[in-house]
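Nothing in this text is a laboratory measurement; each read-out follows from the coordinates by a stated rule. Here the structure is a predicted model, which means the values were calculated and not measured. Every residue, glycine among them, receives a Cβ derived from its backbone with ideal geometry; neighbour counts consider all protein chains shown.
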Amino acid sequence: MGAGKTTVGRALAKATDKRFFDSDHEIEARTGVRIPTIFDIEGENGFRAREAEVIAELASMPDIVLATGGGVVLNPVNRESLKRNGVVIYLRASVDDLYLRTCHDKNRPLLQTADPKAKLQELYEIRDPLYREVADMVVDTSRQSVQQLLARLMKDLELYLHENRTA
């Protein structure tokens, strides 16, 4: 969380003339409540069940850019669905950068703890290997503007697609 999935995803969709979806926003639109409310009422397990339904549906859609919630990789079914249906780009950032980007955001239920930076470190240690397992590309988002990141991403994606069309 805080790596830039939604911001970069929107920019990538616009640059590639594809539709953009954010799985968290889709869950909020379908339930009519914010993610923290779902966590309060249903807990993380309830949220993750909703997330899996939305991911299965969205990942099967053609020609889209999909930004997922940070914990989507915890579910092996989600990882398989994402991997099977598209190019998976892991936007990687350091824990320090993630903390700076999220420290004032009250819409992140998992970070509503006494030590959010320690929680980010814990989540990173669990999630990073899972992201790497599913990723076709890993892109470091640290200390880059969205425009710089998008330019690099477009170049890397073009190269990846070219190499994998001829392989």
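Order the peptides 53-59, 39-45, 140-146 from the highest to the lowest mean number of other Cβ atoms within 10 Å of their residues.
Values: 53-59: 18.1, 39-45: 12.9, 140-146: 14.6.
Ranked by mean Cβ neighbours within 10 Å, highest first: 53-59, 140-146, 39-45.
For n ≥ 4 DSSP H runs only, could you compute -39500 (n - 2.57) per run for the chain, divide by its residues and tell me the 222 nm figure to the nearest 500?
Computed ellipticity for the chain at 222 nm equals -20500 deg cm²/dmol.
Shown is the FRET efficiency for residue 128 and residue 57, computed with R0 = 41 Å from the Cβ-Cβ distance and rounded to the nearest 0.05: 0.95.
log₁₀ I(q)/I(0) of the chain at q = 0.08, 0.20, 0.21 Å⁻¹, via Debye over equal Cα point scatterers, no solvent, to two decimals? Each listed q corresponds, in turn, to -0.23, -1.58, -1.72. Between residue 164 and residue 115, the C-beta separation translates, for a Förster distance of 35 Å, into a calculated FRET efficiency of about 0.25.
Could you list, in their original order, any pairs among 14/83; 5/83; 5/155; 18/83; 83/155; 14/117 whose Cα atoms are separated by more than 25 Å?
Working: 14/83 22 Å; 5/83 17 Å; 5/155 18 Å; 18/83 19 Å; 83/155 21 Å; 14/117 33 Å.
With Cα atoms farther than 25 Å apart: 14/117.
Modelled label positions at residue 30 and residue 155, each set 7 Å beyond Cα in the direction of Cβ, lie 3.8 nm from each other.
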